[in-house]
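Right, one structure below, let's go through it.
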Amino acid sequence: MTAQTVRLNTVASNMANADSAAGSEAAAYRGRKPVFASMVDAGGGVGVRVLDVVQNQEPVRKAHEPGNPLADAEGNVYYSNVNAVEEMTDMMSASRAFQTNVEVLARVKTMQQDLLKLGEGA
């Protein structure tokens, strides 16, 4: 669930900056993506952990807008490399995965409570 939370927060940050403009390519916002790794603990449990959050290496979008106050000497403005459609898809996937994890935990809790009730009757 922690990994999906990081994923959702990253998507939210990317969406918030999707239309941000800058006066240089270096200053333009670059989308971010979390990098996950599977892990197995000593008890045999399996999980996911966040290794890092990396920047998207796709080029930023350059637009010729000489009237824009952020334009450089050549009249270019640089926009983020965030693809809103990809981000929305990632958000839907992450929120469904998070929801599935919540449902699994609720079922485990119910099963544990039912098991305790069986133990009381013996």
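Nothing in this text is a laboratory measurement; each read-out follows from the coordinates by a stated rule. Keep in mind that what you see is a predicted model, and the values were worked out from it rather than measured. Heads up, the Cβs are rebuilt from the backbone with ideal geometry, glycines too, and the neighbour counts pull from every protein chain shown.
Starting from region 93-114, take each residue that is more than 18 Å from Gly47 (Cβ to Cβ) and list its partners that are acidic (Asp, Glu) and surrounded by 10 or more Cβ atoms within 10 Å (Cβ to Cβ), counting only C-beta distances under 8 angstrom and pairs at least six apart or across chains.
Listed pairs, sorted by first residue: none to list.
I'm told Gly75 meets every condition in (1) of a type outside the set (Lys, Arg); (2) touching a His at 6+ places or on another chain (Cβ under 6 Å); (3) within 20 Å of Ala16 (Cβ to Cβ) except one. Can you identify the failing condition by its number?
Going through (1) of a type outside the set (Lys, Arg); (2) touching a His at 6+ places or on another chain (Cβ under 6 Å); (3) within 20 Å of Ala16 (Cβ to Cβ) one by one, Gly75 breaks only (3).
Are there strands (runs of 3 or more DSSP E) fully within region 4-122 with at least 3 residues that are touching a Ser or Thr at 6+ places or on another chain (Cβ under 9 Å) and loosely packed, with under 14 Cβ neighbours inside 10 Å? List them.
Numbers: elements: 32-40, 46-55, 61-64, 76-79.
Correct list: 46-55.
Select from region 13-69 the residues that are in contact with a helix residue (DSSP H, G or I) (Cβ under 8 Å, 6 or more places away or on another chain) and touching a residue at least 60 places away in the same chain (Cβ under 8 Å) and write down the one among them that is farthest from Asp90 (Cα to Cα).
The residue in question is Ala18.
Inspect all residues belonging to region 65-85 and state whether any of them is closer than 20 Å to Gln99 by Cα and among the aromatic types (Phe, Trp, Tyr).
Looking for residues that are closer than 20 Å to Gln99 by Cα and among the aromatic types (Phe, Trp, Tyr), one finds none in region 65-85, hence no.
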